[in-house]
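The values are calculated or read from the model by the stated rules, or taken from the named source; none is laboratory data. The model shown is predicted, which means the values in this text are computed figures rather than measured ones. Because the Cβ atoms are built from the backbone with ideal geometry, glycine has one as well, and the counts that use them run over all protein chains shown.
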Amino acid sequence: MSKEIITVIGAGEMGHAIGLFFAFSGHPVRLFDIQPHILEKAKESIEKKWEVLKRKVRMEKPAGDTLHIVYTDKMEDALRSADLVIEAIPEVLEWKADLFRSITKIIPSHAILASNTSTISMETLSGSVKTPEKFLGLHFFNPAEKMKLVELIPSSHTGTAVMDVARHILENAGKKVLWIRNDRPGFAVNRMIAPTQILTNAILEEKMIPPEAFDAHFEKLPGMPPFELLDYVGLDTAVHTMEYYQKHLDPAFVPGGYLTDKIQKHELGRKTGSGIYRWEKDSPVKRDASPDPDLGIRHVKAIMVNEAYRLLKEGVLVSPGEVDYGLQYGLNNRPLMKGITQEAMQEMIQSLEYLADRFRIEYFRPEKSLTNGIDP
Ligand code: NAI
């Protein structure tokens, strides 16, 4: 049976990797961008990554000899025979809405339309789509050809059959799907780590702990330590994300003077050579520091678990198992919720109360269901 034709709109950071992922699993792919030089760059990057992928998975499954990708800057060519269209253009509501208004006139009537937005609500976006019952969010994680998880976000109009088809296509191609039951800011996985930014921001504002002394706790763990990660992602992006959550989730996400001052000075982290740290050859220059005795991993864990309880309360996810599934496949993290003991819970409550008192931030207070010892 021939595989569904996948059209990806936008061949940037995410779009080209989503295209590669589907082509690698045998789907014919159309990659469309309005900028021809981005298409050339995408082609170069896809061919490089394809060589690496072929070597890696040769033992697991036959990868085939060719990728069937058409690179095009002609919208009609990209959409004409599509079965699933995935939009991956910049995170600007008006741009996405304009695009949807023009493409819904062209796409085949059976085609499913999806957005890879990381923040905008499906309800809002579906207002610009002619057939909202065939529209949903498919949120991939970066790098999309490698990270297993895709969050599947229906709007209230999305048809169940459409969700089943989308899930089926993704799972057949090798992804793990997490169904977001309530379309809240950050969906599930990004939301779980979002309040860590309130903490890093508070540490920078308090000026009592050098970033190195906090990061020192995380140096031996997989993934980047929190302050290094902020610099790596870009302080401008970090502030932008905080402002989004400040507006749509809670005022506690307000970025402080330290970060806004850095943005004004254009010290944005790795990409400008200095941010929280100075950067040399893509690595941060850190002073030697011993791990701070009062603040560390247990506080970050407590913050994440607290946020997971909020996600369950808000009905974004329905079980602790789903929280762990998202963490495992979206962040390569170990489970957080499985087997939490009463003792561990008490420690988390203490950590959260400590953070709330020390930084005078109520958002850190433990959720009621956590303090009442209710199973999530
Ligand atoms: P990007 O800026 O790297 O790429 C966007 C591409 O869209 C550019 O190549 C641009 O030329 C193209 N484009 C703009 N308007 C277009 C139009 N009307 N038609 C066709 N192409 C158009 O952006 P990136 O980072 O790939 O983000 C894309 C989407 O994915 C955003 O919604 C973002 O929030 C989301 N996302 C990003 C992640 C990341 O780590 N970068 C992770 C998960 C989701």
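Pick from Ala63, Ala78, Ala114, Ala97: which is assigned by TED's automatic domain parsing to the domain that holds Glu145 and at pLDDT below 90?
Numbers: Ala78 fails: at pLDDT below 90; Ala114 fails: at pLDDT below 90; Ala97 fails: at pLDDT below 90.
Answer to the selection: Ala63.
Does Thr124 satisfy the criteria of being modelled with pLDDT under 95, within 10 Å of the ligand (Cβ to nearest atom) and out of contact with any strand residue (DSSP E or B) (no Cβ under 9 Å at 6 or more places or on another chain)?
Working: modelled with pLDDT under 95: yes; within 10 Å of the ligand (Cβ to nearest atom): no; out of contact with any strand residue (DSSP E or B) (no Cβ under 9 Å at 6 or more places or on another chain): yes.
Here the answer is no, as Thr124 does not meet what is asked.
Per-residue answers, yes or no, for (1) on the phi > 0 side of the Ramachandran plot; (2) at pLDDT 95 or above:
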{"position": "Pro185", "(1), (2)": "no, no"}
{"position": "Val189", "(1), (2)": "no, yes"}
{"position": "Gln197", "(1), (2)": "no, yes"}
{"position": "Asn201", "(1), (2)": "no, yes"}
{"position": "Ala216", "(1), (2)": "no, yes"}
{"position": "Glu228", "(1), (2)": "no, yes"}
{"position": "Asp231", "(1), (2)": "no, yes"}
{"position": "Asp261", "(1), (2)": "no, yes"}
{"position": "His266", "(1), (2)": "yes, yes"}
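Scanning segment 353-376 for residues being in a helix (DSSP H, G or I), aliphatic (A, V, I, L, M) and over 23 Å from Phe187 (Cβ atoms) gives a total of 2. Checking Glu280, Glu307, Glu314 one by one, the residue that is surrounded by fewer than 17 Cβ atoms within 10 Å (Cβ to Cβ), within 30 Å of Val150 (Cα to Cα) and of a type in the set (Asp, Glu) is Glu314 and no other. Any idea how many residues of segment 68-92 are assigned to a helix (DSSP H, G or I) and within 10 Å of the ligand (Cβ to nearest atom)? Total satisfying the criteria: 2. I want to confirm something. Restricting to segment 104-128 and keeping residues that are surrounded by 21 or more Cβ atoms within 10 Å (Cβ to Cβ), over 12 Å from the mean Cα position of the chain (by Cα) and of a type in the set (Val, Ile, Thr), which single residue is farthest from Arg184 (Cα to Cα)? That would be Ile107.
How many of the residues making up segment 18-41 are more than 8 Å from the ligand (Cβ to nearest atom), surrounded by 22 or more Cβ atoms within 10 Å (Cβ to Cβ) and either under 19 Å from the mean Cα position of the chain (by Cα) or among the hydrophobic types (A, V, I, L, M, F, W, C) (or both)? Break it down stepwise before answering.
Going through segment 18-41, the residues more than 8 Å from the ligand (Cβ to nearest atom) turn out to be 18-31, 36-37, 39-41.
Next, only the ones that are surrounded by 22 or more Cβ atoms within 10 Å (Cβ to Cβ) stay: 18-24, 27, 29-31.
Restricting the remaining residues to those that are either under 19 Å from the mean Cα position of the chain (by Cα) or among the hydrophobic types (A, V, I, L, M, F, W, C) (or both) gives 18-24, 29, 31.
The qualifying residues number 9.
Any residue that is outside any helix (DSSP H, G or I) and over 21 Å from the mean Cα position of the chain (by Cα) - is there at least one of those in segment 216-223? Checked against the condition, which is being outside any helix (DSSP H, G or I) and over 21 Å from the mean Cα position of the chain (by Cα), segment 216-223 yields at least one hit.
Condition first: in a loop (DSSP other than H, G, I, E, B) and in contact (Cβ under 8 Å) with a residue 60 or more places away in the chain. Now tell me which residues in segment 238-293 satisfy that.
Listed by number, the residues that qualify are Leu249, Asp250, Ile276, Tyr277, Lys286, Arg287, Asp288, Ala289, Ser290, Pro291, Asp292.
A search for C-beta distances below 6 Å between a residue of segment 104-120 that is of a type outside the set (Phe, Trp, Tyr) and any residue that is within 8 Å of the ligand (Cβ to nearest atom), counting only pairs 6+ apart in sequence or on different chains, returns Ser115/Glu87; Asn116/Met14; Asn116/Ala88; Asn116/Phe140. Scanning segment 93-120 for residues that are more than 13 Å from the ligand (Cβ to nearest atom) and of a type outside the set (A, V, I, L, M) returns Thr104, Lys105, Pro108, Ser109, His110. Checked against (1) within 18 Å of the chain's Cα centre (by Cα); (2) crowded, with 19+ Cβ neighbours inside 10 Å; (3) in contact (Cβ under 8 Å) with a residue 40 or more places away in the chain, Leu170 passes all but condition (3). The test for being under 30 Å from Leu317 (Cα atoms), buried (at least 17 other Cβ atoms within 10 Å of the Cβ), aliphatic (A, V, I, L, M) and in contact (Cβ under 8 Å) with a residue 40 or more places away in the chain holds for Leu235. If you filter segment 278-326 down to residues that are of a type in the set (Lys, Arg) and more than 19 Å from the chain's Cα centre (by Cα), you find that the one that is farthest from Ile340 (Cα to Cα) is Lys281.
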